[in-house]
Each structure stands twice: as C-alpha cells, then as structure tokens.
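First comes the structure, then the notes that go with it.
We did not get these values from a lab; they are worked out from the coordinates using the rules stated. Only a predicted model underlies this, so the values are computations on that prediction, with no experimental measurement involved. Positions of Cβ are backbone-derived with ideal geometry, glycine not excepted, and every protein chain shown enters the neighbour counts.
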C-alpha cells in the first residue's frame with residue numbers, strides 16, 4: 001500500500017486550461033510538499049504546506065489536514081508547465097512520495 | 001552556498017567497485033535527506049540526518065550502503081561493491097529543521 005496516492009497519473013491539456021492534480025495520504029504529517037521535475041532536469045520544490053492554501057503566480061496549492069488531501073492547481077496552463085508533479089509528505093523524519101503526475105500541455 | 005550542491009554530477013563505475021557521493025547542503029540547514037530515483041521509477045527515500053545524527057537508517061536498501069554527515073554540513077553516501085541495480089540518480093535535499101526542502105541536481109550513477 002502506498003502512503004501517498006496521486007491522481008491522475010497522466011494528464012494532457014490544451015494551453016490555457018485549468019489543471020488540478022490531487023494527492024491523498026494515509027499517514028499523519030507535519031508538512032506536505034509539491035515538487036516539479038522537468039524531463040532530464042532536477043527537482044524543484046514548488047510549495048510546502050502545513051495548512052490552508054498558498055499561491056505563487058499561476059500555481060495554487062491547498063491542503064485539508066482532516067481529510068488528508070491536497071490539490072495543486074495550475075491556472076492558464078502553458079507548455080512550459082509540462083513536467084512531472086510529485087506530492088511528498090513529511091511525517092517527519094522522512095518523506096513519502098507519490099508516484100507523480102505527468103503533465104503535458106499542448107500549444 | 002546558493003543551493004544544494006552534489007558531486008559528482010555523473011559517475012560511471014565498474015560492478016564491484018566502491019563509490020562515494022557527496023552532498024553540500026545549504027549553509028545553516030539542519031536536516032539533510034538522501035533519495036534515489038531509478039530509471040522510470042518514483043523517488044525512494046534512503047536516509048535522513050538531523051545534525052550529524054540519522055534517527056532512521058531503515059531506508060538504506062542493503063548493508064552495502066552507508067551514509068555519514070560531519071560538522072552538521074557535508075554528507076557522503078557510500079556504496080560498497082556496487083551492483084547494476086544500484087544504477088540510479090541519487091538526490092540530496094536539505095531544509096532548516098522541518099521547513100521547506102531544497103533539492104540538489106543529483107548524481108547519476110551508472111554501474112557497468
């Protein structure tokens with residue numbers, strides 16, 4: 001059983017569409033990270049959340065601690081958003097990772 | 001430093017040889033994490049340091065793997081008698097206590 005489940009696994013969108021990626025987890029956590037990994041590239045931490053909602057540019061992340069669920073939203077998607085998005089939860093002392101959502105935004 | 005630095009960026013080694021991977025965390029970050037990502041696979045947690053101590057080493061895949069951290073800063077991950085299944089990208093991240101984690105670019109290890 002995976003401690004972290006992400007959906008969808010793959011997502012193709014047209015440029016400009018609103019995108020939502022979901023993450024559910026089964027362990028108690030002190031924080032949740034949304035990570036971005038471009039093909040052949042390194043990993044960038046987009047957000048760290050412990051409650052509520054955060055916004056950075058066109059990216060919005062929300063978390064509901066009681067429901068053990070987080071969402072990553074991308075507004076007005078762009079081809080440069082194409083990447084793998086990974087949810088990681090911190091119990092603490094280690095991270096549990098989702099398997100990632102591969103996003104392709106078509107011009 | 002400006003970010004988490006890992007060296008080497010690429011390493012090709014012969015099966016059976018030992019390798020040492022290095023991670024320089026962001027200055028002042030107390031927590032340091034090692035992960036690996038095998039080809040086509042997700043991220044796998046290996047070990048976590050708070051200061052120089054590793055509370056949980058159970059993520060290390062075998063006793064050929066060891067890690068240490070000295071001075072609350074640089075960490076080395078050592079793989080002895082490398083096997084082909086050890087081929088992966090080894091990633092390091094650091095954070096201040098339990099804050100936001102910053103990732104290095106990784107070391108791509110290929111065992112031939």
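Take the Cα atoms of region B:51-112, build their convex hull, and give its volume per residue in Å³. Walk me through the numbers before you get to the answer.
On the way: hull volume 6.1 nm³, N = 62.
Hull volume normalised by residue count: 98 Å³.
Fewest first, what order do A:84, A:27 take by the number of other Cβ atoms within 10 Å?
Details: A:84 18, A:27 11.
Arranged by neighbour count, lowest to highest, A:84, A:27 become A:27, A:84.
Three principal axis extents, largest first, for the C-alpha atoms of region A:1-88, in Å?
Answer, in whole Å and largest first: 35, 25, 21 Å.
Quick one: Debye curve from the alpha-carbon atoms of chain B only, equal weights, vacuum; give me log10 I(q)/I(0) at q = 0.15 Å⁻¹ to two decimals.
Evaluating at q = 0.15 Å⁻¹ gives log10 I(q)/I(0) of -0.57.
Any idea how far the Cα center of region B:13-39 sits from the one of region A:25-79, in Å?
That distance is 25 Å.
Test of understanding: in a Gaussian network model of chain B with alpha carbons linked when under 10 Å, which of B:13, B:82, B:70 would top the mean-square fluctuation ranking?
Ranking B:13, B:82, B:70 by mean-square fluctuation puts B:70 first.
Tell me, A:68, B:57 in order of fewest to most beta-carbon neighbours within 10 Å?
In order of increasing Cβ crowding within 10 Å: B:57, A:68.
Hey, how much of the P(r) for the protein assembly as shown falls beyond 32 Å, as a percent of Cα pairs? Walk me through the numbers before you get to the answer.
Details: 4329 of 23871 pairs.
Roughly 18 percent, once rounded to a whole number.
Of A:16, A:41, A:28, which has the largest mean-square fluctuation in a 10 Å C-alpha GNM of chain A?
Of the options given, A:41 has the highest mean-square fluctuation.
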